[in-house]
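What follows is a set of notes on a single structure, which appears directly below.
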Amino acid sequence: MSDTTYAHPEALVSTDWVAENLDDPNIRIVESNEDPLLYPSGHIPGAVQVDWTTDLNHQIVRDYIGKDGFEQLMSKIGATPETTIVFYGDKSNWWATYAFWVFQLFGHTNAKVMDGGRLKWQSEGRELTRELPEYEPSDYTAPRERDDEEIRALRDSVLTHIRGDGALIDVRSPGEFSGELLHMPNYPQEGALRGGHIPGAKNVPWSRAANEDGTFKSADDLREIYEEEQGLSADQDVVTYCRIGERSSHSWFVLKYLLGYEKVRNYDGSWTEWGNSVGVPIEK
């Protein structure tokens with residue numbers, strides 16, 4: 001990447017890099033979108049689709065798939081523990097970073113995000129295809145059981161977090177943060193019985209970390225937003241959240257991989273859980 005001042009520049013690849021590595025059998029390109037119709041309408045040649053609702057989430061319990069489910073998914077896309085997974089998608093890589101985050105729960109650290117996502121690839125006039133790739137199923141064994149401790153925050157741990165001195169970043173829009181909206185602007189206003197934010201949270205909308213072309217802002221610009229404006233530091237214990245965890249995974253990626261925060265967790269229950277929970281504190 002051009003910005004080598006990121007803490008972990010190896011976590012990002014450019015559209016040029018992807019274009020040059022389309023035929024590498026040790027790389028699997030994964031598209032993950034909010035809009036499930038985008039992939040069949042045209043995708044990067046050789047890319048497979050990982051749908052956040054059907055592939056990553058448990059179909060009965062509100063939770064993620066377990067180790068067996070993850071191994072089945074990786075086998076289906078023909079990946080091995082040595083395969084480099086490169087994620088990209090719509091919405092400046094909301095769901096790409098979400099999928100990246102879920103993969104980290106199982107220890108598949110050989111993973112990267114294509115900077116700029118679908119928007120940048122398309123704006124550069126690069127090839128899209130409707131042809132579905134065919135890969136031989138692999139024999140995949142996950143490096144570990146799903147580990148929710150290190151990078152995932154659950155409701156009770158967030159309650160403990162706000163009673164201590166941990167930092168909390170609400171990445172939603174200002175209207176959602178204030179309680180005026182229960183969902184993003186221009187979306188149906190559903191999903192929670194109460195509006196507002198978790199006490200002590202600072203509002204840093206996810207979009208502030210992205211450029212107009214969908215790429216991430218420079219490390220200096222990101223430090224200005226999170227550290228100079230908000231007073232965060234890399235040695236803090238930070239929790240990010242939004243409505244269901246996808247926008248906050250984008251900010252989680254920024255803090256952990258681009259700015260090098262050692263302890264940052266994504267609260268995927270987010271406002272749909274917190275705003276519907278009985279007895280939890282809310283601020284407006």
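Against the condition small (Gly, Ala, Ser) and free of Cβ contacts under 8 Å to residues at least 40 places away in the same chain, how does Gly89 come out, does it pass? First the steps, then the outcome.
Working: small (Gly, Ala, Ser): yes; free of Cβ contacts under 8 Å to residues at least 40 places away in the same chain: no.
When the stated conditions are applied, Gly89 does not pass them.
Has the range 55-63 got any residue that is more than 24 Å from Arg247 (Cα to Cα), part of a loop (DSSP other than H, G, I, E, B) and of a type outside the set (Phe, Trp, Tyr)? Give the derivation first.
Keep residues of the range 55-63 that are more than 24 Å from Arg247 (Cα to Cα), which gives none.
Among the residues of the range 55-63, not one is more than 24 Å from Arg247 (Cα to Cα), part of a loop (DSSP other than H, G, I, E, B) and of a type outside the set (Phe, Trp, Tyr), which makes the answer no.
Which one of these does Leu128 not meet: (1) in the same structural domain as Val30 (by TED's automatic domain parsing); (2) aliphatic (A, V, I, L, M); (3) touching a residue at least 12 places away in the same chain (Cβ under 8 Å)?
Condition (1) is where Leu128 drops out.
So which of Asp115, Asp170 is buried (at least 20 other Cβ atoms within 10 Å of the Cβ), among the charged types (D, E, K, R), in the same structural domain as Ala19 (by TED's automatic domain parsing) and modelled with pLDDT of 95 or more?
After ruling out the rest, the residue left standing is Asp115.
Enumerate the pairs (first residue in the range 1-20 and under 18 Å from Phe100 (Cα atoms) and polar (S, T, N, Q); second residue anywhere and modelled with pLDDT under 95 and part of a loop (DSSP other than H, G, I, E, B)) with beta-carbon separation below 9 Å, excluding pairs fewer than 6 apart on the same chain, so at least 6 apart or on different chains.
Qualifying pairs under 9 Å: Ser14/Met1; Ser14/Ser2.
Given the options Ile85, Ile29, name the one that is assigned to a strand (DSSP E or B), touching a Leu at 6+ places or on another chain (Cβ under 9 Å) and among the hydrophobic types (A, V, I, L, M, F, W, C).
Values: Ile85 fails: touching a Leu at 6+ places or on another chain (Cβ under 9 Å).
From the options Ile85, Ile29, the qualifying one is Ile29.
Which numbered condition trips up Ala142, out of (1) outside any loop (DSSP other than H, G, I, E, B); (2) among the aliphatic types (A, V, I, L, M); (3) in contact with a Phe, Trp or Tyr (Cβ under 9 Å, 6 or more places away or on another chain)?
(1)
The values are calculated or read from the model by the stated rules, or taken from the named source; none is laboratory data. This one's a predicted model, so the numbers in the text were calculated from it and none came from an experiment. Methodologically, a virtual Cβ is constructed for each residue, glycine included, from the backbone with ideal geometry; neighbour enumeration extends over all protein chains shown.
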